[in-house]
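Let me begin by presenting the structure, written as structure tokens, before commenting on it.
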Amino acid sequence: MALYKEAGMFVFGLCLLSLLSVGDTIKYEPNWKSIDSRPLPGWYDDAKIGIFLHWGVFAVPSLYSEWFWEQWRDNTTKGAVDYMKNNFKPDFTYADFAPDFTAELFDPNDWADIFKASGAK
């Protein structure tokens, strides 16, 4: 648990530092040229391995990926459309999955151990 708290405080500190360092002096426009003009942090190019986790309501049906909602909504993946048609009422929405996103099996210590064993810094 101590490792989780320490990691959480580190991430919080990085977020706070990034907010403070940007402040109101740098403004980016919603276009690629502007976004690509921002400097990268030194550790980004020096890192040997990176771990990115993306977890959300899409994990509740556990079908396909984080693009599940779009595949179902836009009828681009027959399996997603059929799954919803066969398992949920017709007016069921993506937001209706939210109450079941409880994370009852999430153990941050397990993740910390996996990251440490991988050699990630």
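Rule-based calculations on the coordinates, nothing more; no lab input. Computed from a predicted structure; not experimentally measured. Ideal geometry is used to build each Cβ from the backbone, glycine not excepted, and the neighbour counts take in all protein chains shown.
Of note:
- Whole-Hz Karplus values for the stretch 70-77 come out as 5, 5, 6, 4, 8, 6, 8, 10 Hz, taken residue by residue from phi with 6.51 cos²θ - 1.76 cosθ + 1.60 and θ = phi - 60°; glycine and proline positions read x.
- Cross-link partners for K27 among the aspartates and glutamates, with Cα-Cα distance under 16 Å and sequence neighbours closer than 8 places in the same chain left out: D36.
- Projecting the Cα atoms of F97, Y83, V60 onto the dipole axis of the stretch 57-100, where Lys and Arg carry +1 and Asp and Glu carry -1 at the beta carbon, places Y83 farthest toward the positive end.
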